[in-house]
Structure formats: structure tokens, C-alpha cells
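Comments concern the structure below.
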């Protein structure tokens with residue numbers, strides 16, 4: 001059973017978003033997504049300073065077997081990326097909602113967050129995919 | 001639901017992530033492909049390869065039939081030995097790659113599962129003029145036990161002739177005891193055996209292996225291990241549009257015996273400038289099949305690529321223009337990354353062995 005955190009918002013493409021008090025948000029991939037990918041061996045992240053629109057390609061996660069695109073769940077400027085993933089991409093497998101975060105974005109429009117899936121919506125999506 | 005091997009329930013019980021593989025429900029991994037890969041390089045793992053197709057070729061014409069059918073010469077395998085060969089079409093393209101076991105009264109072939117139907121049709125079509133019977137053996141299962149400790153762990157579970165076979169067989173030799181065929185062959189670059197046996201026996205042996213701590217391994221690790229070992233995968237590294245000469249399999253074509261095997265004329269006429277090489281990516285990233293390889297002599301293409309768990313870098317097999325050596329570039333998502341061109345295998349017995 002996948003771990004789905006109630007306090008997060010989710011994109012239908014399996015990214016999660018966690019809004020911080022300073023108006024930035026952490027982005028990662030869900031426990032379901034990391035589990036489906038298997039052992040990650042390479043993560044390609046966006047550049048700090050890059051401006052993105054929601055649904056833009058923001059990076060790639062590669063497992064031994066396959067590459068998957070990561071999409072920006074909301075619009076904004078990338079203010080940080082998780083540099084630890086360069087040498088230890090397996091952090092995404094081990095702790096997808098914590099140390100395995102991918103990048104941090106300054107949220108341009110908080111309304112976009114509201115349009116993302118709630119934990120319940122996301123769980124429903126996963127159930128329907130099974 | 002796809003076809004299921006006799007071990008389907010065991011895979012589910014062991015936590016196997018089941019996927020569709022050429023219409024078979026097969027485990028891709030049991031939690032961690034990487035752990036399974038390392039288990040085979042360092043200790044012992046077992047793969048269910050019962051989806052592969054076992055075919056027996058018997059009758060007085062069996063030898064002549066196979067010498068006509070196969071690019072390699074079955075006469076090179078004495079009794080009790082196995083031989084790797086391609087089966088070609090008239091144009092020299094590879095219909096399939098297979099292993100032939102030379103038994104006292106017949107020959108046993110193991111061919112791929114995704115190619116089963118076209119293989120059986122081709123085998124039947126070529127019997128004309130030969131006094132031969134071609135019989136599929138779908139009731140047989142097949143386990144591959146691989147790794148530096150594989151034979152000792154397995155031998156400890158067996159008695160008599162089976163134990164003796166596992167302990168003392170030479171590489172590419174096999175022995176039979178009852179309805180078990182035990183061969184010191186494999187697809188991982190490690191020591192080990194492949195056992196063809198009845199389904200019920202496979203279930204029992206699997207349970208013993210689990211109890212002995214032999215790791216169940218899925219198709220994912222099978223692919224990373226075989227690629228590190230520099231072994232071709234049918235459908236990736238060769239197919240009907242590629243000859244064995246282009247696929248790094250020239251060593252499996254027996255030209256010097258005057259046999260008129262199917263595809264021979266096409267191979268002899270081939271002036272094709274391509275070759276199969278190994279690539280090593282020393283930067284971060286993962287090489288994948290179909291990526292473009294840019295060389296000083298023109299473009300090539302990756303046929304198989306993966307992250308190498310043993311080497312910690314990405315490796316690939318690629319078809320490139322003849323004579324290319326040194327370095328090249330691979331196009332990954334519109335970026336060009338430098339790669340080293342090497343001669344596979346990449347890994348043997350757990351160690352890097354590729355040559356520049």
C-alpha cells in the first residue's frame with residue numbers, strides 16, 4: 001500500500017507539493033511513483049533560477065530500467081534543487097517525502113495549488129489505475 | 001491474464017512484481033532489482049526461465065537437419081555439450097538465437113519465448129527432406145541458478161547423480177538424470193547452472209533454494225546481468241534485419257566446414273560496414289536502446305543500454321560503423337555526452353573486464 005500524505009497536494013503525473021510559510025514549495029515524486037519506478041540511479045533536476053509553468057518538464061528520474069519525466073506541478077521560479085540526489089538518487093526511493101525531495105519552487109499563483117489533487121483524490125486516481 | 005509458469009504462485013508469495021513479458025506473467029523484480037543483481041554477482045540467485053521454449057529434435061535426420069538449419073555446426077558439440085547458435089533466414093537475418101544440447105538420441109533446443117510461434121513455424125517449415133521429428137516440450141520448467149556460490153548451494157540440496165553433475169560439470173557441459181537436464185550454462189557472466197525439469201520438481205526445488213537463502217531474481221536483474229556480461233538479447237541487439245556478423249556473433253558462425261546452412265550465401269556476400277561495440281558513459285546519465293551514437297565515421301545506434309550496478313556507470317551495446325574506436329558521443333535528450341568505446345564483456349565473475 002502506497003504512503004499518501006494528507007498534508008500534501010499531488011499532480012496527476014505523481015509529483016507531490018508541500019507549501020512552506022515563505023511562499024515556496026517543495027516538490028518530489030510520490031511513494032507510489034518511486035515504488036513503480038524501482039531503484040533510481042540518476043536524477044536530472046532543473047536549474048536554480050529557471051522559470052517554469054505548471055506542467056512544464058522539470059527533470060527526469062531514471063531507474064535501472066526506465067526514464068520518467070518530472071513535470072512542474074505549479075508555476076514559478078526554481079529556488080533550490082536537491083543536490084544530494086546527484087550522488088545518492090536512492091534517497092528518492094528511501095524517503096520520497098523527505099530527503100528525497102527534488103526541487104523547491106517559488107509559487108507564482110497559489111490558486112494553482114488548489115487545482116492539484118488532494119490526498120483523497122490522488123488515492124482515488126491510484127485505485128482506478130490498478 | 002498471460003501464460004503462467006508452474007512457479008507463478010511462488011513468485012507472488014516471494015513479493016514478485018509481476019509484469020507482462022511476451023504474454024507471460026513474469027516477475028520483473030522482488031523488491032529491488034539492484035539487490036538481486038548484486039546477489040548474483042556476489043553470492044547466488046535463482047531465475048525462473050520456464051517461459052523459454054524447449055524443443056526436441058529427433059530422428060535419423062536430426063543431425064543433417066540442424067546442420068542445415070543453424071549457423072553454428074552441431075558437430076562442434078560432442079555428446080553432453082551445449083552449443084550456442086543463431087538460426088538465420090535466407091537473407092542472413094537472425095530469426096532467433098538458441099542453445100542446442102547434444103543428447104545421445106536427439107538434440108534439445110532452447111529458444112526464446114517471444115519468438116516461440118515464428119520459431120516453431122520455421123522449424124516445421126525446414127523439416128522438408130529430412131527424416132526428423134520436432135517436438136515442443138511445454139510441460140518442462142527451467143530454473144537458472146547463478147552466482148559464485150550457486151553451484152555449491154545447489155549441490156548441497158541434491159543427491160546422487162544430480163549433485164555430482166552440479167559439482168563437477170565443465171562449462172557448457174550438461175548431464176541428465178531422469179527427467180532433469182542440468183547444464184553449466186547461463187546468461188549472467190557468473191558461474192552457475194540451468195536446469196530443465198518437470199514443473200512440479202521446479203516448484204519443490206524453488207522452495208528448497210528459498211530456504212537455503214538463494215535470492216529470487218527477476219527479469220530486470222537478468223537484463224542488467226546479461227548486458228554487463230556482453231550477451232545479446234534477441235529483439236534488441238539482433239533480429240531478422242541483422243546478421244550475426246553485424247551483431248558481434250561471428251564466433252558462432254561455422255563457415256569452414258562447407259555446410260550449406262540457411263543464410264550462408266547472404267553472410268558470405270555481406271560487405272556490411274557495421275559492428276557491435278560496447279559503450280561506457282563516464283558522466284551521469286543512463287544509456288538506453290535507440291539513442292543515437294555520433295562517431296567520426298557516421299552515426300550508430302544503441303541496441304541495449306542500462307545502468308551497470310556492478311560498475312556504477314551506464315553501459316550499452318551499440319551498432320556503429322566498422323573500425324570506429326576510441327570515443328564517441330551519445331545523444332540523450334538533445335544533449336551529447338561522451339562515451340568510451342570498449343570491447344564487451346563489461347563484467348565477468350564480478351570484475352570489470354572490458355578492453356579498450
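The values are calculated or read from the model by the stated rules, or taken from the named source; none is laboratory data. Quick caveat: nothing in here was measured; it's all calculated off a predicted structure. Here Cβ is always computed from backbone atoms with ideal geometry, including for glycine, and neighbour counts include all displayed protein chains.
General observations
- The requirement of being surrounded by 20 or more Cβ atoms within 10 Å (Cβ to Cβ), within 14 Å of chain A (Cβ to nearest Cβ), in a strand (DSSP E or B) and at pLDDT 95 or above is satisfied by residue B:305.
- Boolean, residue B:287 is within 14 Å of chain A (Cβ to nearest Cβ), touching a residue at least 40 places away in the same chain (Cβ under 8 Å) and either assigned to a strand (DSSP E or B) or farther than 15 Å from residue B:345 by Cα (or both): yes
- Region B:213-237 - residue that is closer than 16 Å to residue B:42 by Cβ and away from every other protein chain (no Cβ under 14 Å) and, of those, surrounded by the fewest Cβ atoms within 10 Å (Cβ to Cβ): B:213
- Just one of the listed residues (B:105, B:201) is surrounded by fewer than 16 Cβ atoms within 10 Å (Cβ to Cβ) and out of contact with any helix residue (DSSP H, G or I) (no Cβ under 6 Å at 6 or more places or on another chain), and it is B:105.
- Taking region B:108-182 and the helices (runs of 4 or more DSSP H) fully enclosed by it, the elements with 2 or more residues that are closer than 24 Å to residue B:67 by Cβ are at B:116-125.
- Odd one out for residue B:12, checked against (1) away from every other protein chain (no Cβ under 14 Å); (2) in contact (Cβ under 8 Å) with a residue 12 or more places away in the chain; (3) closer than 30 Å to residue A:94 by Cβ: (2)
- Residue B:46 being more than 13 Å from chain A (Cβ to nearest Cβ), under 17 Å from residue B:224 (Cα atoms) and either under 19 Å from the mean Cα position of the chain (by Cα) or modelled with pLDDT of 95 or more (or both): yes
- Residue B:150 in contact (Cβ under 8 Å) with a residue 40 or more places away in the chain, closer than 28 Å to residue B:200 by Cβ and surrounded by 15 or more Cβ atoms within 10 Å (Cβ to Cβ): yes
- Scanning region B:296-315 for residues that are in contact with a strand residue (DSSP E or B) (Cβ under 7 Å, 6 or more places away or on another chain) and either free of Cβ contacts under 8 Å to residues at least 40 places away in the same chain or closer than 18 Å to residue B:239 by Cα (or both) yields a count of 11.
- Every residue from region A:65-92 that is within 14 Å of chain B (Cβ to nearest Cβ), more than 26 Å from residue B:219 (Cα to Cα) and in contact with a helix residue (DSSP H, G or I) (Cβ under 8 Å, 6 or more places away or on another chain): A:84, A:85
- Set B:289, B:318: member being under 16 Å from residue B:236 (Cβ atoms), buried (at least 18 other Cβ atoms within 10 Å of the Cβ) and modelled with pLDDT of 95 or more: B:318
- Of all residues making up region A:45-64, the number that are surrounded by 21 or more Cβ atoms within 10 Å (Cβ to Cβ) and facing chain B (nearest Cβ under 10 Å): 3
- Test: residue in region B:19-33 that is within 14 Å of chain A (Cβ to nearest Cβ) and within 16 Å of the chain's Cα centre (by Cα): yes
- Against the numbered list (1) part of a helix (DSSP H, G or I); (2) modelled with pLDDT under 95, residue B:265 comes up short only at (2).
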